[in-house]
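Encoded as structure tokens, here's the structure I'll be asking about.
The values are calculated or read from the model by the stated rules, or taken from the named source; none is laboratory data. Bear in mind the structure is a predicted one, so any value in this text is a computation, not a measurement. Neighbour counts are summed over all protein chains in view; Cβ atoms, including those assigned to glycine, are modelled from backbone coordinates with ideal geometry. Just so you know, the surface numbers come from the protein's heavy atoms only, side chains and all, with ligands and any DNA or RNA stripped out. Shrake-Rupley method; radii C 1.70, N 1.55, O 1.52, S 1.80 Å.
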Amino acid sequence: WIYDNEEMDGQFDPLFNSPGEYVYLIDALAPCLSSEATFDIEVVESINFDIGLDISECSGSDPIEIGEEGQISCTYLWTPATYLSDVNVPNPILEFNSTGDELEELEYHLYIDNGICSKIDTLNVQIYPLPIVDLGPNLEICEGSILVLNGGLGSQYNWSPNWLFDDTSLSSQEIIMS
């Protein structure tokens with residue numbers, strides 16, 4: 001082996017040898033004598049990229065950057081394009097614009113290629129719908145009556161103003177109108 005104009009002993013292993021161009025000299029074993037034959041082996045740097053951890057957010061949350069800074073020599077392709085700012089960059093902006101009333105689960109695939117090596121990585125994203133809050137129409141009620149307010153099917157509640165409710169974390173509230 002010849003690397004950087006220096007002879008190397010032993011076997012060539014692309015996992016441990018440095019990226020670069022290597023020349024392998026072969027003694028020709030044929031009916032005719034030949035001094036040597038050569039061929040080049042180019043070892044390119046492997047693709048080192050971490051797509052990141054899976055994401056769970058509520059619809060309407062602030063957009064975030066996913067992926068990371070990429071290598072200049074690589075091309076990138078994200079699929080699907082849903083909610084992404086650009087499918088051809090290593091770190092697009094993901095917007096949580098789901099408009100449905102059910103959990104939306106997306107599996108993004110990132111295809112990375114440097115012309116010789118390629119890599120595929122997956123990112124799972126869950127977008128939770130915003131809770132529907134409907135306290136009903138405005139009412140006129142008599143003094144001393146009890147007004148019941150129901151917050152709907154959420155998992156956490158925070159009623160305000162605090163002074164009006166005994167426990168602001170309950171899904172339903174009863175208020176005695178005085």
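Apply the Karplus curve 6.51 cos²θ - 1.76 cosθ + 1.60, θ = phi - 60°, to the phi angles in the range 90-107 and return the couplings in whole Hz, x for Gly and Pro.
Per-residue couplings from phi come out as x, 9, x, 8, 9, 9, 9, 9, 4, 10, x, 9, 10, 4, 10, 10, 10, 10 Hz.
How would you order 88-100, 58-70, 153-165 from highest to lowest mean count of nearby Cβ atoms within 10 Å?
88-100, 58-70, 153-165
Between N97 and I72, what FRET efficiency comes out of the Förster formula 1/(1 + (r/R0)^6) with R0 = 41 Å and r the beta carbon distance, rounded to 0.05?
0.85
Would you tell me the accessible area of L147, worked out with a 1.4 angstrom probe on the heavy atoms of the protein chains, in Å² to the nearest 10?
Probe radius 1.4 Å; accessible area of L147 about 40 Å².
To continue, here is another question. Could you check how much of the accessible area of the range 94-178 is carbon and sulfur, as a whole percent, using a 1.4 Å probe?
49
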